[in-house]
Amino acid sequence: MASNQPIRVGLIGFGFVSKTFHVPLLKATEGYKITAVSSSRPADVSAMIAGVDVVADPNALATHPDIDLVVIASPNETHAPLAEAAMRAGRNVVVDKPFTITVAEARHLAAVAKEKKVLLSVFQNRRWDSDFLTVQDAIRRDLVGRIVLFESRIDRYRPEVRERWREIPGPGAGLLYDLGPHLIDQTLLLFGIPDSVQSTLATQRRGGKTDDFFQLVLRYGQMVATLGAGSLVSGGSARFAVHGDRASVVKHKPDIQEDQLRAGMLPGAPDWGADPDDALLYEGATADTRVLKAARGDQRGYYVALREALLRRAANPVPPEQAATVMTIIEAGLRSEKEGRRVVPDITEEERAAWVR
């Protein structure tokens, strides 16, 4: 692709994720032009993106001749077949999380990307969230000392069970597949691949049909990382807590970009990504408390990094081997819940190497 021409984007799926995240972020990032969308609701598409070609058949969009990049934001079980069709047609591909339903699918897609010499990436936008960036900076600065406990949660109060594919039993449904990829990916970025995984999944809401609570315990030697999400947690809980032998860092409230996007704020607006909730550092020996200014989030960072990778000026921000590792942790968690024990994740050498940068 030439750097003086926009990257032509075809978007598959026009539901909540596309309208809330992909479209605003792509439109606000220099170097992209959405030229085609696959949707059964052309009026909705035209109302948001003027002059775009609307294609009913997602497979036709995946192999569209006038597209450089296919972004897949359709139901989870369609990710693998659509991504493979697009890559075999010579298109670069972004897949929303979860990357695939199974590890086998993820590894197969990584192999196809190499065979066809195309870029395959996974949309892990929450690497650019203010809460994560704040905690990541505190860890890099060694503010807490030797870390013994890392806690990461996304808790909400959503008692109503909705009739949508994420909450209907089937491949890739449930909260572990929905929010787990974000929490796992961030933890792997901070600490690498764990020694073992232990999990608890539950369906806690009345009328629930899929898991709406999960907790993963990742072991790194004597360090413990607990990742979780619940749907009946009124008032929420701390988004992150990092405890070490010198101090603790707690970040209470989550990044606000999703709320801003839902409210119609455009990425790049003056208050875009500005987090009013600073983290707190608690000194272990003195119990003194000091404020750690929250970083500014900007999920456009994913598409900026992807653009540079497509133009061969930088590495793929989220390569398929990293995304396959996330799926391996999820599968280990499912196996742990079934068997009631710790499970050692089966990670390939290529996947391990993908986290060493």
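Rolling a 1.4 angstrom probe over the protein heavy atoms, how many square angstrom per residue are accessible across the chain?
On the way: 15490 Å² over 357 residues.
Accessible area per residue, the chain: 43 Å².
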Within a Gaussian network of the chain (alpha carbon springs, distance under 10 Å), most fluctuating of Asp131, Asp53, Asp255: Asp53
GluC sites (Glu not before Pro) within the stretch 92-197: DSSP coil, no more than 12 neighbouring Cβ in 10 Å: Glu160, Glu163
With every protein chain in place, the stretch 315-357: carbon and sulfur % of accessible area (1.4 Å): 50
Probe 1.4 Å - accessible area at Lys253, Å² to nearest ten: 120
Length-normalised contact order for the chain - Cα pairs under 8 Å, 6+ apart - percent: 19
Helix 79-88 axis, angle to the chain major axis (alpha carbon atoms, nearest 10°): 50
Candidates Gln222, Gln186, Gln136, ranked by Gaussian network fluctuation over the chain, Cα under 10 Å, top entry: Gln222
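Counting only protein heavy atoms and using a 1.4 Å probe, what share of the accessible area of the stretch 1-146 belongs to carbon plus sulfur, as a whole percent?
Values: 2900 of 5690 Å².
That share works out to 51 percent.
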The chain - share of DSSP beta bridges that are antiparallel (%, nearest 5): 55
GNM top mover of Val250, Val70, Val161 - the chain, alpha-carbon springs below 10 Å: Val161
Built amide H within the under 5 Å cut-off of Val71, gap 5+: Gly10, Leu11, Ile12, Val94
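Specify whether the C-alpha gyration tensor of the stretch 214-298 places it in the rounded, prolate or oblate class, a ≥ b ≥ c being the square roots of the eigenvalues: rounded for a/c under 1.5, otherwise prolate if a/b is larger than b/c and oblate if not.
Values: a/c = 2.38, a/b = 1.43, b/c = 1.66.
Oblate, since a/c reaches 1.5 and b/c is not below a/b.
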Qualifying trypsin sites (Lys or Arg not before Pro) in the stretch 190-227, DSSP loop, other Cβ atoms within 10 Å at most 11: Arg206
Percent carbon-and-sulfur accessible area, the stretch 191-286, ignoring ligands, DNA and RNA, probe 1.4 Å: 51
Principal axis dimensions, largest first and in whole angstrom, of the chain by Cα: 63, 48, 43
0 to 90° range, to nearest 10: angle between helix 300-310 axis and the chain longest Cα axis: 60
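Students often get this wrong, so check it: of Lys27/Lys97; Lys117/Lys253; Lys97/Lys251; Lys97/Lys293; Lys19/Lys338, which have C-alpha atoms separated by over 32 Å? Working shown, then result.
Details: Lys27/Lys97 20 Å; Lys117/Lys253 41 Å; Lys97/Lys251 24 Å; Lys97/Lys293 29 Å; Lys19/Lys338 36 Å.
The answer is Lys117/Lys253; Lys19/Lys338.
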Relative contact order of the stretch 77-204, defined on C-alpha pairs under 8 angstrom at six or more residues apart (%): 23
DSSP-assigned coil residues among trypsin sites (Lys or Arg not before Pro) in the stretch 59-142, each with at most 15 further Cβ atoms within 10 Å: Lys117, Arg141
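The values are calculated or read from the model by the stated rules, or taken from the named source; none is laboratory data. Just so it is clear, the model here is predicted, and its values are computed rather than measured. Ideal geometry is used to build each Cβ from the backbone, glycine not excepted, and the neighbour counts take in all protein chains shown. Heads up: the accessible areas ignore ligands, DNA and RNA and are worked out on the full protein's heavy atoms, side chains in. Shrake-Rupley method; radii C 1.70, N 1.55, O 1.52, S 1.80 Å.
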